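Taking it in order: structure first as structure tokens, then the write-up.
We did not get these values from a lab; they are worked out from the coordinates using the rules stated. Just so it is clear, the structure is predicted and the values come from calculations on it, not from any experiment. So basically every Cβ, Gly included, is an ideal-geometry build from the backbone, and we count neighbours across all protein chains shown.
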Amino acid sequence: MKLGTNLETKTRQLETETSKTPSILTWGAVALLGAGAVAVVAVHRGEPINALWLVVAAACCYALGYRFYSKFIAAKILALDALRATPAERLENGRDFLVTNKWVVFGHHFAAIAGPGPLVGPVLAAQFGYLPGTLWVLAGAIFAGCVQDFVILLFSVRRDGKSLTEMAKEEIGRVGGLVAYTAVIAILVILLGVAALIVVNALKDSPWGTFTIAMTIPIALLMGLYLRRIRPGKVLEVSALGFVLVLLAIWGGQWASQNPAMASVFSLRAPALAILIIVYGFAASALPVWLLLAPRDYLSTFVKLGTIALLAVGIVALHPTLHMPALTRFVDGSGPVFAGKIFPFAFITIACGAISGFHALISSGTTPKLIARETQTRMVGYGAMMAESAVAVMAVIAACVLQPGVYFAINSPAGIVGQTAVAATATISSWGFPVSASEMQTLAQAVGEQTLLNRTGGAPAFAVGMAHIFSQSLGGAAVMALWYHFAVMFEALFILTVLDAGTRVARFMIQDALGHVYKPLGRTSWYPSILGTSALIVGAWGFFLWQGVKDPLGGINSLWPLFGIANQLLATVALCLATTIIIKMHRTRYAAVTLVPLAWLVAVTFTASWHKIFDPNPRVGFLAQARVLAAGPATNATARLIFNNRLDAAVTAILVVMVALVLIESVRQWIAVLSGREEPRVKESPFVMTRLAEEKG
Amino acid sequence: MTRFLQAVRVLLAALREIFDEAAYERFLRRTDVISSKSAYADFLRERESSQARRPRCC
């Protein structure tokens, strides 16, 4: 009898092993291909490399990360339970809580997390070469960003869709909640200031771009009227119509740029554009402008999804050559795009494509209320972040297909390379990246601009890269200007949507908080409160925008690292929360899954903050720059710059101190739980069996 | 072919959800009204507060 049972067991084992063989062979091949592609990307030097190597390396890494690492986390740490009813099922109300198809939730989640960050960050970090950005985007996403989004989504699902702030308050303590709240506001303010600066830098002295973006306002109004009066609720239809009109506006921009009268109206300097954007931001926040804002949001999403898909197809089909070297001399910290060494600044500059604390807000916002099964959090949380990381790889490619000299000419501020085209190109050529003034003039003419020099911020370089890729096929060089302005319009539209949505979100958060002090201030329909809080938020990000516009180093040098630090500090809070919950769940042996990215982020953000505040190099350290300015001739502008630098240093210091408090509070909790002094109690909602399982059972 | 059609259906459903068309249909069902200018205005009013609070990432 026993012999028979053993034989049966052995036979079953053999069958299982045989059935696994094709799978093992397939995944082995993927691993070999991925390792080979990563090795080529990492080791190749000298000759230009084809972009397809990056695509293959990324595809294999994502496939392996999703198949093995996310599955390991799902099985061993989170123990995803398909039988446990989610809030979408238990609290279904047809509005916020709703059982939704997993692919639909995936699309919804991706549309919310994919902003301009994964496009801009990698373009700026390309000053170090294509290698650091690519490796960080791949490793950061697989081991940190996707993990953060996945675990926070699941923890929110198990807590009735609670927000990051609420969960931090319950699981870590009041300090956690307060810091998460403050970090969110700080990130929003800095993000909005930087985002507005990118738009200003992309549109300054560009009548074509300014005309196209200006035209999106009447187009959005028309869409609003169409939705409200002609075909109520037909958003997809009207968005397609709006898209066609935007294409016409791009085409019309060419005419506007060539017509002297129109060109003079739409050729605006940076300060004028900054004022217009500040006024627009205030109007977007304070007025009940559903007629403009909702259609614009839809139009932006429509363009965003379409362009990302188009770019992906374009890169795979045309597989351009990367001209940027794997590593440039600027890994030593002397880069013109932004100052600072590869560690920690590459990891601060690229946030959204690798890990972004902001995603934790979305993973604990709308998405957990739509998830039908716990098991779907893996695909939505981990998978959507992988897709965003793929967008960042595309941005690396778009930046690195440019000749390095051209890339640096576009992205370097005049304060570093010189005021004239001849001086700028001579400086850049002296770094070993040859470029000439006539070459830059020809390129500017090809894309329909007066100049491409000193167009800092990342967006113009991305647009030139994208136009360069597409001009190799669809329409050739003849339509390069149209592609360039399409890319500029896409980024500016995208960013303006983030700007008005972000301003409103921040306004609501401030009103919620002020409502605890004086009730009417919390009423979102009370106009004095609306105007006051709108002015507060717009004034805050407008301050950073103005600071960037007036900064002789281009603004991005100071503000983008500040934004990166704030965003990664929020990720630190999210990973502190995740680690605390994992330890409380008695999964301490696997806590390294969130603890290692947490340790890495602490090292990166705290080092970066230290450099930004105290580094003696005035291009890196805020205080050093203030000292240098103070030692020079005193003017009104100098006094303002000194104040700005000191304020930036203070903001960075406050953020770091607050996150350090969360870290200390979290470690205190971990020690208390692990030493047995405190009972590990997670604040999950009680288990309820799904209806589907009950029906089956 | 069936799989392809299924994929197209899911893609369309995702787009309808992203662009709030599905939310409007649910609103019509929930409130038991037919689509009209006033129904869409009511939907927008109801949607405004949750839309305004929906974060968008960088």
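For A:ASN50, the residues 5 or more places off, or on other chains, whose built amide H falls under 5 Å of its own are A:LEU322.
In the protein assembly as shown, a dipole from Cβ-located charges (positive for Lys and Arg, negative for Asp and Glu) runs towards its positive end, and of A:ALA566, A:PRO116, A:CYS576 it is A:CYS576 whose Cα lies farthest in that direction. Exposed loop sites here mean trypsin sites (Lys or Arg not before Pro) with a DSSP loop assignment and at most 12 other beta-carbon atoms within 10 Å; chain A contains its longest site-free run at A:270-676. Could you tell me the distance between the Cα centroids of segment A:55-102 and segment A:397-469, to the nearest Å? The two parts, judged by their Cα centres, are 43 Å apart.
Relative contact order of chain A: 24 percent, from C-alpha pairs under 8 Å at least 6 residues apart in sequence. Taking Cα centre as origin and charging only the Cβ of basic (Lys, Arg, +1) and acidic (Asp, Glu, -1) residues, the dipole magnitude of segment B:2-53 rounds to 160 debye.
Count, for each residue of A:233-239, the Cβ atoms from other chains sitting within 10 Å of its Cβ, then give me the mean as a whole number.
Values: counts 14, 5, 9, 7, 2, 1, 3.
Partner Cβ neighbours, averaged per residue: 6.
Of A:ALA272, A:LEU178, A:SER285, which is farthest on the positive side of the dipole of chain A, counting Cα position, with +1 on Lys and Arg Cβ, -1 on Asp and Glu Cβ, and the Cα centre as origin? It is A:LEU178, whose Cα lies furthest towards the positive end. For the protein assembly as shown, the mean residue ellipticity at 222 nm estimated from helices alone is -23500 deg cm²/dmol, where every DSSP H run of n ≥ 4 contributes -39500 (n - 2.57) and the total is divided by all residues, rounded to the nearest 500.
Tell me the net charge near A:GLU449. Cut-off is 13 Å between Cβ atoms, A:GLU449 excluded, with +1 for each Lys or Arg and -1 for each Asp or Glu.
On the way: positive: A:LYS204, A:ARG455; negative: A:ASP205.
Charge balance near A:GLU449 sits at +1.
Plugging the Kirkwood radius over Cα pairs into Stokes-Einstein for segment B:2-53, at a temperature of 10 °C and a viscosity of 1.306 mPa s, what D comes out in µm²/s? Rounded, D is 130 µm²/s. Assuming R0 = 51 Å, what is the FRET efficiency of A:LEU674 and A:ILE217, from their Cβ-Cβ distance, to the nearest 0.05? In this case the efficiency is close to 0.35.
Need one number: the % of Cα-Cα pairs in the protein assembly as shown sitting beyond the 52 Å mark. Don't skip to the answer; put the middle values down first.
Details: 28368 of 284635 pairs.
Here the long-distance tail beyond 52 Å is 10 percent of all Cα pairs in the protein assembly as shown.
Calculate, for A:LYS683 and A:LEU531, the FRET efficiency according to 1/(1 + (r/R0)^6) with r their C-beta to C-beta distance and R0 60 Å; round to the nearest 0.05. Here the calculated transfer efficiency is 0.95.
Size of the dipole of chain A about the Cα centre, Lys and Arg at +1 and Asp and Glu at -1 on the beta carbon, nothing else charged, in debye to 20? Please report the intermediate quantities before stating the final value.
Working: 50 positive and 33 negative charges, 225 e Å.
Roughly 1080 debye, rounded to the nearest 20.
Over all other residues within a Cβ to Cβ distance under 15 Å of A:ARG231, the charged ones net out to +1, with Lys and Arg as +1 and Asp and Glu as -1.
Counting only C-alpha contacts under 8 Å and six or more residues apart, can you give the relative contact order of segment A:118-267 as a whole percent?
Contact order relative to length: 19 percent.
In the structure shown, do any of A:LYS550/A:LYS612; A:LYS162/B:LYS37; A:LYS76/A:LYS102; A:LYS169/A:LYS550; A:LYS76/A:LYS369 have a Cα-Cα gap over 28 Å, and if so which? Each step should come with its number before you reach the end.
Details: A:LYS550/A:LYS612 19 Å; A:LYS162/B:LYS37 34 Å; A:LYS76/A:LYS102 22 Å; A:LYS169/A:LYS550 39 Å; A:LYS76/A:LYS369 24 Å.
Result: A:LYS162/B:LYS37; A:LYS169/A:LYS550 exceed 28 Å.
For chain A, the longest stretch holding no GluC sites (Glu not before Pro) located in a DSSP loop with at most 16 other Cβ atoms within 10 Å is which? Each step should come with its number before you reach the end.
Details: sites that count: A:GLU92, A:GLU678, A:GLU684.
So the longest stretch without any such site is A:93-677.
Within chain A, the longest run free of exposed loop sites, counting chymotrypsin sites (Phe, Trp or Tyr not before Pro) that sit outside DSSP helix and strand states (H, G, I, E, B) and have at most 11 other Cβ atoms within 10 Å, spans A:1-517. Distance from the alpha carbon centroid of segment A:545-579 to that of segment A:153-217 works out to 11 angstrom.
Can you tally the net charge around A:LEU273? Count Lys and Arg as +1, Asp and Glu as -1, for every other residue whose Cβ sits under 11 Å from the Cβ of A:LEU273.
Working: positive: A:LYS204, A:ARG269; negative: A:ASP205.
Net local charge, A:LEU273 excluded: +1.
Could you sort out which of A:LYS304/A:LYS584; A:LYS71/A:LYS584; A:LYS204/A:LYS341 sit more than 32 Å apart by Cα distance in this structure? Cα-Cα > 32 Å for A:LYS304/A:LYS584; rest within. Across segment A:296-302, rounded Karplus estimates of 3J(HN,Hα) from the backbone phi angles (6.51 cos²θ - 1.76 cosθ + 1.60, θ = phi - 60°) give 5, 4, 4, 4, 4, 5, 4 Hz, Gly and Pro being marked x. Separation of segment A:342-356 from segment A:580-626 is 11 Å, based on Cα centroids. Label sites at A:LEU25 and A:ALA139, each approximated as a point 7 angstrom past Cα along Cα to Cβ, lie 3.3 nm apart.
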